[in-house]
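The values are calculated or read from the model by the stated rules, or taken from the named source; none is laboratory data. None of these values were measured; they are calculated from a predicted model. FYI the Cβ positions are ideal-geometry reconstructions off the backbone, even for glycines, and counts take in every protein chain you see. Ligands, DNA and RNA are stripped out before the accessible areas are found, and what is left, the full protein with its side chains, is counted by its heavy atoms. Shrake-Rupley method; radii C 1.70, N 1.55, O 1.52, S 1.80 Å.
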Amino acid sequence: MASSASLLSLALCSLLLFQVCSAQFETGRVWGSSRSQRKSQQQNECQFRRINAQEPDRRITSEAGITEIWDENDDQFRCAGVAAIRHTIEQRGAGRGYHSAAIPGCPETYQSEQESESRDPRQGSRDQHQKIRKIRQGDIIAIPAGVADWFYNDGQSPLVLVQIMDTSNFANQLDQNFRKFFLAGNPQREIQGQRGQPSRHLYRGSEKGRGGGGGQEQRSGNIFQAFDEQFLAEAFNIDTDLARRIKNENDNRGIIVRVEEQLEFLSPEFSEEERRQSSQGGGRTGRWSANGIEETFCTAKLRHNINDPSRADIFNPRAGRLTTVNSFNLPILRYIQLSAQKGFLYRNAIMTPHWNMNAHSINYITRGSGQIQIVNENGESVFDGQVQEGQIITAPQNFAVIKRAGSDGLEWISFKTNDNAKINQIAGRASTIRAIPQDVLANAFAISREEAQRIKFNRREIGIFSPETRSRGRRD
Amino acid sequence: MASSASLLSLALCSLLLFQVCSAQFETGRVWGSSRSQRKSQQQNECQFRRINAQEPDRRITSEAGITEIWDENDDQFRCAGVAAIRHTIEQRGAGRGYHSAAIPGCPETYQSEQESESRDPRQGSRDQHQKIRKIRQGDIIAIPAGVADWFYNDGQSPLVLVQIMDTSNFANQLDQNFRKFFLAGNPQREIQGQRGQPSRHLYRGSEKGRGGGGGQEQRSGNIFQAFDEQFLAEAFNIDTDLARRIKNENDNRGIIVRVEEQLEFLSPEFSEEERRQSSQGGGRTGRWSANGIEETFCTAKLRHNINDPSRADIFNPRAGRLTTVNSFNLPILRYIQLSAQKGFLYRNAIMTPHWNMNAHSINYITRGSGQIQIVNENGESVFDGQVQEGQIITAPQNFAVIKRAGSDGLEWISFKTNDNAKINQIAGRASTIRAIPQDVLANAFAISREEAQRIKFNRREIGIFSPETRSRGRRD
Amino acid sequence: MASSASLLSLALCSLLLFQVCSAQFETGRVWGSSRSQRKSQQQNECQFRRINAQEPDRRITSEAGITEIWDENDDQFRCAGVAAIRHTIEQRGAGRGYHSAAIPGCPETYQSEQESESRDPRQGSRDQHQKIRKIRQGDIIAIPAGVADWFYNDGQSPLVLVQIMDTSNFANQLDQNFRKFFLAGNPQREIQGQRGQPSRHLYRGSEKGRGGGGGQEQRSGNIFQAFDEQFLAEAFNIDTDLARRIKNENDNRGIIVRVEEQLEFLSPEFSEEERRQSSQGGGRTGRWSANGIEETFCTAKLRHNINDPSRADIFNPRAGRLTTVNSFNLPILRYIQLSAQKGFLYRNAIMTPHWNMNAHSINYITRGSGQIQIVNENGESVFDGQVQEGQIITAPQNFAVIKRAGSDGLEWISFKTNDNAKINQIAGRASTIRAIPQDVLANAFAISREEAQRIKFNRREIGIFSPETRSRGRRD
C-alpha cells in the first residue's frame, strides 16, 4: 500500500444512494426505513415522447478525482425519481479499496487494543472505529439514507463509483430534490440537485445577495461552516481555533482528497493459527464467514458482488447471463426498496422483449455497445438507438424494451426502483404469450392457429436469446 | 356454445384495475406489490364544493362491443386517484364467460396432454396455457398491475364489465395518468387517460407532427407496432412477415373482437367418477375445491362473487343487505389495497349516516334509484340528488354520507381505496354517538338529557335502517 | 368536581393528530392504518433559506376557551406536512381532565348497570358509553385519523392542548389540506386549513356567493347542518324538531363550551375490597393494571406520560434529560407513524449537534428559553436565534441542529414524523465522528492526528452535554 492514495472525503448522502463502480468497481449505496415506500412521481407529466441515452452533464474536479453528475431535470431521472452521479477516485491500485459506513447507535467494534473504555483513548496512537469493508470491482453497496460513509482507493488504478440516489423513496420526507451534505472538506454547491423550477430557485437564492456581490449564495461548505465556532468548540469540548479549522473554509481540495501519508486504520487479518487450520481444511473458518448473527442491525451486510459469473441467475452459453441482487440475497434491500440486475449479452445476442411490472429500470452501460428499443403504452417508440459504455438510459415502468448486443457484446447494470423488481417477458419459454391459449392469440392477432403456435413455441430459450436460432427455427 | 362469441382482446392494464360487471356481471381487477401503498393525492386542491353523479363521457365502438370511459379529469376521480371504464361485450349468453390472467413466472398448468415439455408442442393442435376462470354476474376480479388478461363472453347476453383502476396505488410508480396498453389489436388513443393539463399535453403531442399533417401523433396501436420487424422476428424466432402481421396495423376491429369460430381452450370438467361420488355425497370433492395450497402466488384466488345473498355481512329483512369483499375474504386484496362493498337497500330504506375513515368510496349504481346526500368537512352539502343505474358518485374520505332507496330499491357497489375500508356510523346501534356519554351529548348539542337519550338509543338497527320505524320509535 | 367545568366539544379530526398539552398538560393525538406510510412532500420547493420560530397567527374565541392556530402555509409546516393547533380550555383544576375517543366497532364498555341490552336503556338515567381516560400534565395522546374524540377539563386551572396533525400521513388520502370536522356545536370556518394557493381558494369560495351577499360561503357548522332534517329525523328515529336542533345553527358557543351542571359519566373506582388488599400489598391489582389483553384494537393504549423524570431515556445530572415516546413504548404509534421526544436541558447545557435521519422534528418550546442553530445541506444557516415558551421551530430531515439552554434551562417537546425517529449525533460518545478512524478524520479535515483525536474523544457524554467541561477538557 503506497503513499499518496486517494479518498472520497466524508460524504453523507441525505438521500438514497445506489452506486455502481464501473470498469473497476461496481458499488451501490441504498437505504430506507423498515417501512420505507416508493412513491409515485409528484409530477403529473411523465408522458414520454422521447428518452435519450445520456452522459453526465456537469463535472466537478477535486484534488484527487472527478465527480460527474447527470442532469436531474432530464425526464428519465425526474420521472424515475432518482439522481445519478459518477465519482472517479484516482490512483494506483488494482480495482480494490475500502468503504465504511458510520451507522448511528452501533459501537466502534474495531479497537486497537483490548483496553477498557475507561482508559483514555487519546493517549498514544490507539484508535477505535466502526467496521471497514474491502471493496472490489462489481460490488454493489447499499447505504441507508442519513448515514455517513467514505471510500478509500488504495489500489493501482482509478476507482469508479456510480451512484443512484432514490429521491422518491419514503426515507426522503422532504421534496424531490436530491440533497447531499458533507461532514468535512469544502464541497461545491454544484453537487446539489436543483429539481424545482430553476428560475425560482435562483430567485430564492439571490434574495440574499441581491444588492451586493451576489457571489455569496453560491457558497457551500461542510456541515460545520454555518455553526458558531464557540458553539462547536463547546459541543466537541475543543478550543475555538480547532473548531474554526474543521469548517475547512479555505480548503480547495474538493470532495475527493489526496491522502498524504499511508492511511492507518484497523483491518483484521487471519491469525497464524487460522491460516494453518484453513490450509488444512480444518473445522474453524475465518472471521469473515457467516456466523448467524450477521444480519443484526449493526452487522447488516451492505455489499454484494454482482460481477462473479458463478452467481448468474440466468445463463445461456450461446447468449449471455443475467445476475440479480435483490432483497432475497442482500436483505437490507428490503428496507431500501431498490434492487439491481447485471446483464451481459454476448455478440449479437438478444434480451427478450419485456416490460418492468413494478419498477423503473435505470440502465448504466458498463461495457460494449448495442441497440435498445423502448416503446410506450401508446405503441410509440420513445427510444431506438445505439448505447455505449458510460451512458444511462431509463426504461420507465410498463414500457416495453428490447436489447441487442453489438459485435463486442453488451454489459450493463439495471438499477430498479423496487427491492424485488419483476419483468414480464413477451417472447420465449417464460413469456406471457405462452400463458395464453393459441386460439385466443389467433383471434386477437387475426392470424391462423398454426401461426399462433409459432409465436408461442418457436423461441424456447428463457430471457436471453442466442442470435443464430432464427433460421433454424423458421419453419415457413 | 355457438360461434360468433365475443372477446375482449388482450388487454394489459398498466395500472391497478378493479372492475365490476353490472347487470350481467360484476368483476373487478386490482393489484399491488406486497408493499403497495396508497398515496395521498398529488393535487393540493381537492376542496370539493360540488360532486356530481356521472355517466361516462367518451365511447369507443369495437367490432363486438363498446367501451365507455368516465372523465378522469372530474374532481371525484382525480382526487380519489382512480379511473373508471365500462366495457360491454356483445352476445348471446346468460351472464357467463371466461377470464384469464397471464401471471409472469407461473407455468402453463392447463395442458392438452400429459406429454413432456421435450416433445414438440407445435405438432398438431395440442396447446398449453395458464388457468382460465369461469365468471358470472356479481364476480369481483382482482388483477395485479402489469399483468395481461383477457375476457371472453360465451353467453347469450352482453357481458358488462366495470373497471376501477387505481392510479394512486404504490404499484404505479409513474405519474397519476391512467395507462393501459394492448398486446394485440389496434386500439384507439382515446382509451388513455390524459390527466395532466390538457393543453400542455396536446402541445407536447403536436411537437412532433406540427409542421406536417399532425395526424400521426394520434396513432396508437398494440405494443408491437413501434418495434422493428426484424427485431421482433428474431425475438420470437419467426419470419418477418408474421412479425409484421402481429403489429395489427390495419386492424379496425377495436379492443373487443368477434371470435369467428368456436374458441378452443382447455377447461376442466368433473370426471365421470367424480360425478358419481359427488352425487352420492362421497368423500372426494371436485377439482375446484380448496386444497390448502390455493393461495400460493400462482394459484391465488382472483375472484369473489359479491351478489350471493347468503354472503351478506349485514342483513335486515326490513331494510336490505351489505356484502363486503376485502383482504379477509379475498387475500390478494391485501397486496392490491382495494376492497368493495355491495349494497342493496329495499324500497325507501336508509343506510346509516356515516363517513369513510380510511378510504374514498367510488359508488357505481347497479340497479334502481335513490337519493344521496354528501357533506364536506365544513358542513356544506356537496351532493344532494337522485342517482340511478349506470352512474358513479364518489364519497371522499371523511365526508359524511346518507343514502335512501327510492320506490324500486337501490343497488350499488362501492369500490374503496383501502383493502380493509372502515366506516364510522353516526346513527344506529354501532354508532359513534352511542359511544359518547349522554351528558356530553346534551352539553355539546345544548339539548336536554332526555333528548340526548333519544339520539343515542331511538334507532336500534345497525347500518341499514327500515323506513317504517320512525313513527313507532318517536316517543315525543 | 365543581360545576362550570369546560369541554372541548366533540372534535373529530379528519387527519392525524398529535397534540401536546404544555404547561398543564402534554397530550398528543395521532393515527394511521396498519399500512399507513409517511410520504415525501408534494411540493417541490422545500429549499429552506430561512426558518422562523413561530407563534400562532390565528385565534378563535369560544365560550370556555381559546383556540390558536399556526400558519399552515409557513414553509416549516408545509414541508413537514403537519398542522399545529393549541387549545386552552378554561377553568379550575390542577392539570387534570378527561379524554375519550369513540372507536368504531368497539362496544360501549362502561355501563351504568349490569342490565342486558334487551332492556330499554332509555328508561331512567342509565347510560352506557366507551372508555374515558383521565389525563394529566405531560400526557401524550394518540388519536387515529377519522376517530371522534372530546376533552373535558374538571380541574382548577386551564388545560392547554397542543395538537400536531400529520396531513402527509398515508391515512390521509385526500390532498395536503388539514381538515377537521365537528359532530356538534357550530365551529367557525377559520379552523380549517387552507394550504392551497390562498387566492385560488378564496376564488373558489366566492364562486358560490359572488353575486349575492357573499357571506354564505364563510358559513361553517357541524356535520349535520347540510343534511336534510327529514333525513336526519328518519336516520335517528327522532322528530324533526330535535333533528333541526342538533344542527346547532344558532349556537355561538364555539368549539369549547361550558358545562352548565356537573358532567356525569361513568368512571371506575377501586372497590372497597381492592383498596383493602392494595394497602396490604395483596395479590390482586386494581382494574387499571395490565392484563395481557390491553393491546387489542378496542383496548389499545392511547396515552403515555412523557413528563415523569423517572422515564428519562438519557439522563445527565449535569446537563438534563431526554424522554422518548415511540412505537416501542406506545405501540399504537406503529400505525400512526409519529413519535415524540421531551427534552429538558439544564442552565447553559447543550444538546449534541445532530441531524434527524428519518423524520422531521417539530419542536414546541414548553418552558424556558435557549439558542438554536439549524443548518441546511449546503452548510447555510437557516435559523440562529433565541426560542422561548410557546414557539414552534421545525428542524427538517437531515438538517443539522444545535440547541443550548439559556439561564433558566430549556424544555421542549419534539414531534417527529416517524414512529421510530432516529438522530445522528455529531459530537459525543455515540457520535458518527467516533465511528470514523482518526486518520480518515485527519486527512478529511486537514488537521493533525492529535487534533483528530481531540475531536473524537474530548467530549465523552452522550446526547446532552454539561456546560462546564470545556475548560477542563481543553488540553491545548
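Could you calculate the contour length gain from A:Cys298 to A:Glu264, that is, 0.36 nm times the residue separation minus the distance between their Cα atoms, to one decimal place in nm?
10.0 nm
Within 10 Å of each Cβ of A:70-81, how many other protein chain Cβ atoms are there on average?
1
For A:Tyr346, A:Tyr364, give the ranking by accessible area with the largest first, probe 1.4 Å.
Putting A:Tyr346, A:Tyr364 in descending order of accessible area: A:Tyr346, A:Tyr364.
Classify segment C:302-404 as rounded, prolate or oblate, taking a ≥ b ≥ c as the square roots of the eigenvalues of its Cα gyration tensor: rounded when a/c is under 1.5, otherwise prolate if a/b is larger than b/c and oblate if not. Let's see the in-between values first.
Details: a/c = 1.89, a/b = 1.24, b/c = 1.53.
The shape class here is oblate.
Quick one: Karplus J couplings for segment C:367-373, per residue in order, coefficients 6.51, -1.76, 1.60, θ = phi - 60°, nearest Hz, x for Gly and Pro?
Going residue by residue, I get 6, x, 8, x, 10, 10, 10 Hz, with x marking Gly and Pro.
Relative to the present Cα-Cα distance, how much length would full extension add between B:Arg367 and B:Arg244 at 0.36 nm per residue of separation?
39.7 nm
Excluding A:Gly370 itself, what net charge comes from residues whose Cβ is under 14 Å from its Cβ, given Lys and Arg +1 and Asp and Glu -1?
-2
Determine the relative contact order of segment C:308-473: mean sequence separation of Cα pairs under 8 Å and six or more apart, normalised by residue count, in whole percent.
Computed over segment C:308-473, the figure is 28 percent.
What is the average number of partner chain Cβ atoms found within 10 Å of a Cβ in B:370-377?
The shielding value for this peptide is 5.
Rank by packing, highest mean first: peptides B:224-236, A:297-309, with packing defined as the count of other Cβ atoms within 10 Å averaged across residues.
B:224-236, A:297-309
Leaving out ligands and nucleic acids, note down the accessible area per residue over segment C:308-473 with a 1.4 angstrom probe, in whole Å².
Normalised by residue count, the accessible surface of segment C:308-473 is 27 Å².
Where in segment A:145-168 does accessible area fall by at least 30 Å² between the isolated chain and the complete protein assembly, at a 1.4 Å probe radius?
A:Gly146, A:Trp150
Suppose each label sits 7 Å from its Cα in the direction of the beta carbon; what would the B:Asp408-C:Arg50 distance come out to in nanometres?
6.5
Determine Rg/Rh for segment A:310-473; Rg is computed over alpha-carbon atoms and Rh is the Kirkwood hydrodynamic estimate from the same atoms.
When Rh is taken as the Kirkwood radius, the ratio is 0.98.
So which of A:Lys416/C:Lys416; A:Lys134/A:Lys247; A:Lys131/A:Lys416; B:Lys422/C:Lys134; A:Lys180/C:Lys422 end up more than 24 Å apart by C-alpha?
Pairs exceeding the cut-off: A:Lys416/C:Lys416; A:Lys134/A:Lys247; A:Lys131/A:Lys416; B:Lys422/C:Lys134.
What number comes out for the charge environment of A:Leu263, summing +1 per Lys or Arg and -1 per Asp or Glu over other residues with Cβ under 9 Å away?
Once all neighbours under 9 Å are counted, the net charge is -4.
Please give the residues from segment B:339-353 for which the solvent-accessible area of heavy atoms, probe 1.4 Å, is smaller by at least 20 Å² with all protein chains in place than with the chain isolated.
Residues meeting the cut-off: B:Ile350, B:Pro353.
Under the rule of at least 5 residues apart or a separate chain, name every residue whose amide H is placed under 5 Å from the amide H of B:Asn418.
B:Ser339
What quantity of accessible surface, computed with a 1.4 Å probe and excluding non-protein components, is buried in total between chains B and A, in Å² to the nearest 100?
Summing both sides, the interface buries roughly 7900 Å².
Shielding by partners for C:102-109, please: the mean number of other protein chain Cβ atoms within 10 Å of each residue's Cβ.
Taking all residues of C:102-109 together, the mean is 5.
How far apart, in nanometres, would the label points at B:Asn252 and B:Lys134 be if each is projected 7 angstrom from Cα along the Cα-to-Cβ direction?
Once both label points are built, they end up 3.8 nm from each other.
Could you please state how large a percent of the accessible area of segment B:310-473 is carbon and sulfur, counting protein chains only and using a 1.4 Å probe?
Carbon and sulfur: 45 percent of the exposed surface of segment B:310-473.
With +1 on the Cβ of every Lys and Arg and -1 on the Cβ of every Asp and Glu, and nothing else charged, how large is the dipole of segment A:310-473 about its Cα centre, in debye rounded to the nearest 20?
Taking the Cα centre of segment A:310-473 as origin, the dipole is about 560 debye.
How many nm separate the modelled label positions at C:Phe315 and A:Asn73, each set 7 Å beyond the Cα in the direction of the Cβ?
Placing both labels 7 Å beyond Cα along the Cβ direction yields 5.6 nm.
Can you list the copy-to-copy distances for B:Thr240, using a point 7 angstrom from Cα toward Cβ, in nanometres, shortest first?
From this label point to the equivalent ones elsewhere in the assembly: 8.0, 8.0 nm.
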